[in-house]
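Student: Take this structure first; my questions come after.
The values are calculated or read from the model by the stated rules, or taken from the named source; none is laboratory data. All values reported here derive from a predicted model rather than from experimental measurement. As a convention, Cβ positions derive from the backbone with ideal geometry for all residues, glycine included, and neighbour counts pool all protein chains shown. Heads up: the accessible areas ignore ligands, DNA and RNA and are worked out on the full protein's heavy atoms, side chains in. Shrake-Rupley method; radii C 1.70, N 1.55, O 1.52, S 1.80 Å.
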Amino acid sequence: MNPAPTAPLIAPGATIGILGSGQLGRMLAMAAGRLGLNTHIYAPDAGPAFDVAAQHTLASYEDEAALAAFAESVAVVTYEFENVPAQTAAVLEAHRPVLPPPQALAATQDRLVEKQFLNGIGVATAPFLAVDDAPGLARAVAQLGLPAILKTRRFGYDGKGQVMIREGADLAEIFASIGAQPAILEGVVPFAREVSVVAARARDGSFTAFDVCENEHESHILSLTRVPARIAHETSAAAVAMTQKIMDALGYVGVICVEMFVVEGAAGVASSGETLVVNEIAPRVHNSGHWTTDGAVTSQFEQHVRAICGWPLGSTRRHGEIEMRNLIGEDANRWRDILGESGASLHLYGKHEARPGRKMGHVTRIVGG
Ligand code: AMP
């Protein structure tokens, strides 16, 4: 499905189309701008990406005439979120290459399909069972045991659409609380750390990964990314190899993020005593890769642009030991103090209202050589 043989050469001066107007689209547009490319953002809501792009279209993802006109105005279409409807991608693909390829969306939009795909290529996940109704939840609980986590199959992020189930819980009430929709029940992974691999695959199949990131969450939202992750060298190498396997299986082009749990005390990765279990795949640039803008030779955003344009991938060399902290809600009010701190790189997303839990910006610090 790679468009490589027939795709026209994309050169500086061309326009990239981006679905979604959030901060990821904004940072992609800024990286594209640095390389002499223009961007056209398509979204149903005005967001911070509109402010940095030369063109935008405000229309729904179901508006086929607007989608066709958008696709005709760009050289290639990409996206900043994984819930692009299949029909939207199909309409766009009739006009221009859509990268990462739509099969990456199909494999990652639904947690059940995603886990089946991963297990099918030999990648470990948490144990899981499909749950379609309240009696199905009772059967799954009987099989998997408790505690376990019920997650909606679609549209869950930052902990939304998921509930931890403990002994004695009212299962019918819990199934109703997630909207009585198709779900999966997952066993709880006793992880020591959460890590992610942000990597890129080019149209010619070449691959590069940034160093493995270690992530800490607060209230289910990423709060801190540390690089390098404090895991054994062999575990990092295994995480990167697993990511490459996933990308190859998807015929992927662009940047991906694979989130993983590291379990200690098992014999998964030879000699390190650490085992990797994949939690989920984001077929896009990712919050845990934001440090690359200040902490690596090439940012994840530039890398994505390079990959979808058919350009050579850049160096992922890191400038030191890095910490990236998200500025959530009111945290962003500290912008003046952060500006005064030497060695801190501040990023603000230009969102007008600082609601609790809203990602307003981030700060990257190079903390060691
Ligand atoms: P998710 O929305 O699947 O990324 O889950 C959000 C967070 O919930 C993860 O980053 C973990 O901290 C936690 N979590 C999700 N699934 C599991 C699991 N099967 N076992 C343990 N913790 C989990």
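Student: Round to the nearest 0.05 the FRET efficiency obtained for Glu353 and Ala69 when R0 = 25 Å and r is the Cβ-Cβ distance. Walk me through the intermediate numbers first.
Tutor: Details: r = 31 Å, r/R0 = 1.23.
For R0 = 25 Å, the calculated efficiency reads 0.20.
Student: If you count only protein heavy atoms with a 1.4 Å probe, what accessible area per residue comes out for the stretch 268-369, rounded to a whole Å²?
Tutor: Working: 4290 Å² over 102 residues.
It amounts to 42 Å² per residue over the stretch 268-369.
Student: Compute the FRET efficiency between Ala130 and Ala11 as 1/(1 + (r/R0)^6), taking r as their Cβ-Cβ distance and R0 = 45 Å, and round to the nearest 0.05.
Tutor: Numbers: r = 47 Å, r/R0 = 1.04.
Here the calculated transfer efficiency is 0.45.
Student: So, one more: Given 0.36 nm per residue, what is the gain on full extension from Arg336 to Val367 after removing their alpha carbon distance, in nm?
Tutor: Values: separation 31, 0.36 × 31 = 11.16 nm, distance 2.00 nm.
My answer for the length gained is 9.2 nm.
Student: Okay, next question. Quick one, what does Rg over Rh come out to for the stretch 127-187 if you take C-alpha atoms and the Kirkwood Rh? Intermediate values should be presented prior to the final figure.
Tutor: Values: Rg = 10.0 Å, Rh = 11.0 Å.
Ratio value, two decimals: 0.90.
Student: Once you have the Cα-Cα distance between Val297 and Asp51, take 0.36 nm times their residue separation minus that, and quote the gain in nm to one decimal.
Tutor: On the way: separation 246, 0.36 × 246 = 88.56 nm, distance 2.58 nm.
The span from Val297 to Asp51 would gain 86.0 nm if fully extended.
Student: Also, quick follow-up: So what is the relative contact order for the stretch 127-187, in percent, with contacts set as C-alpha pairs under 8 Å and at least six apart?
Tutor: After rounding, I find 52 percent.
Student: Based on alpha-carbon atoms only, what is the radius of gyration of the stretch 65-224 relative to the globular estimate 2.2 N^0.38 Å? List each step's numbers first, then the result.
Tutor: Details: Rg = 18.6 Å, N = 160, 2.2 N^0.38 = 15.1 Å.
For the stretch 65-224, the normalised Cα radius of gyration comes out at 1.23.
Student: Determine, at each q value in 0.28 (inverse angstroms), the log₁₀ of I(q)/I(0) that the Debye formula gives when each Cα of the stretch 299-368 is one equal point scatterer.
Tutor: For the stretch 299-368 at q = 0.28 Å⁻¹, log10 I(q)/I(0) is -1.13.
Student: So, by mean Cβ neighbours within 10 angstrom, what's the order for 235-247, 210-222, 332-344 with the highest one leading? Before the final figure, lay out each step's value.
Tutor: Numbers: 235-247: 20.5, 210-222: 18.3, 332-344: 12.3.
The peptides rank, most packed first, as 235-247, 210-222, 332-344.
Student: What number comes out for the charge environment of Ile149, summing +1 per Lys or Arg and -1 per Asp or Glu over other residues with Cβ under 12 Å away? Intermediate results must be reported in sequence, preceding the final value.
Tutor: Numbers: positive: Arg111, Lys151, Arg166; negative: Glu186.
My count for the surroundings of Ile149 gives +2.
Student: Can you tell me the convex hull volume per residue for the chain, based on C-alpha atoms, in Å³ to the nearest whole number? Present the calculation step by step, with values, prior to reporting the outcome.
Tutor: Numbers: hull volume 52.2 nm³, N = 369.
Spelled out: Cα convex hull of the chain, divided by residues, is 141 Å³.
Student: How big, on average over all directions, is the shadow cast by the Cα convex hull of the stretch 53-116, in nm²?
Tutor: Values: hull surface 17.9 nm².
For the stretch 53-116, the mean projected area of the Cα convex hull comes to 4.5 nm².
Student: Of the peptides 304-310, 363-369, 23-29, how do they stack up when ordered by the mean number of other Cβ atoms within 10 Å, highest first?
Tutor: Numbers: 304-310: 25.9, 363-369: 15.3, 23-29: 27.6.
Packing order, densest peptide first, comes out as 23-29, 304-310, 363-369.
Student: Turning to a different aspect of this structure: Less than 10 Å Cβ to Cβ from Val123, Lys/Arg counted +1 and Asp/Glu -1: what total charge do the surrounding residues give?
Tutor: Working: positive: Lys115, Lys245; negative: none.
My count for the surroundings of Val123 gives +2.
Student: First select every other residue whose beta carbon is under 15 angstrom from the beta carbon of Ala249; then total the charges, Lys and Arg +1, Asp and Glu -1.
Tutor: My count for the surroundings of Ala249 gives +1.
Student: Now a separate question. Given the options Gly289, Asn333, Gln181, identify the residue whose Cα lies farthest towards the positive end of the charge dipole of the chain (+1 on Cβ of Lys, Arg; -1 on Cβ of Asp, Glu).
Tutor: So the residue furthest toward the plus end is Gly289.
Student: What Kirkwood hydrodynamic radius do you get for the stretch 1-134 when you take the inverse of the mean 1/r over all pairs of distinct Cα atoms, in Å? If you can, show how the numbers build up before the last one.
Tutor: Details: mean 1/r = 0.0624 Å⁻¹.
Hydrodynamic radius (Kirkwood, Cα only) of the stretch 1-134 equals 16.0 Å.
Student: Determine the calculated [θ] at 222 nm for the chain from helices alone, applying -39500 (n - 2.57) to every DSSP H run no shorter than 4 residues and normalising by the residue count; nearest 500 deg cm²/dmol.
Tutor: Values: 11 runs with 101 residues, N = 369.
So the helix-based figure for the chain works out to -8000 deg cm²/dmol.
Student: Using all C-alpha to C-alpha distances in the stretch 193-368, build P(r) with 10 Å bins and read off the rounded percent in each one.
Tutor: 10, 36, 35, 16, 2, 0
Student: If you don't mind, there's one more thing I want to ask. Near the amide H of Glu321, under 5 Å away, which other amide H atoms are found, from residues 5 or more places off or on another chain, if H is placed in the peptide plane?
Tutor: Distant-sequence amide H within range of Glu321: Val367, Gly368, Gly369.
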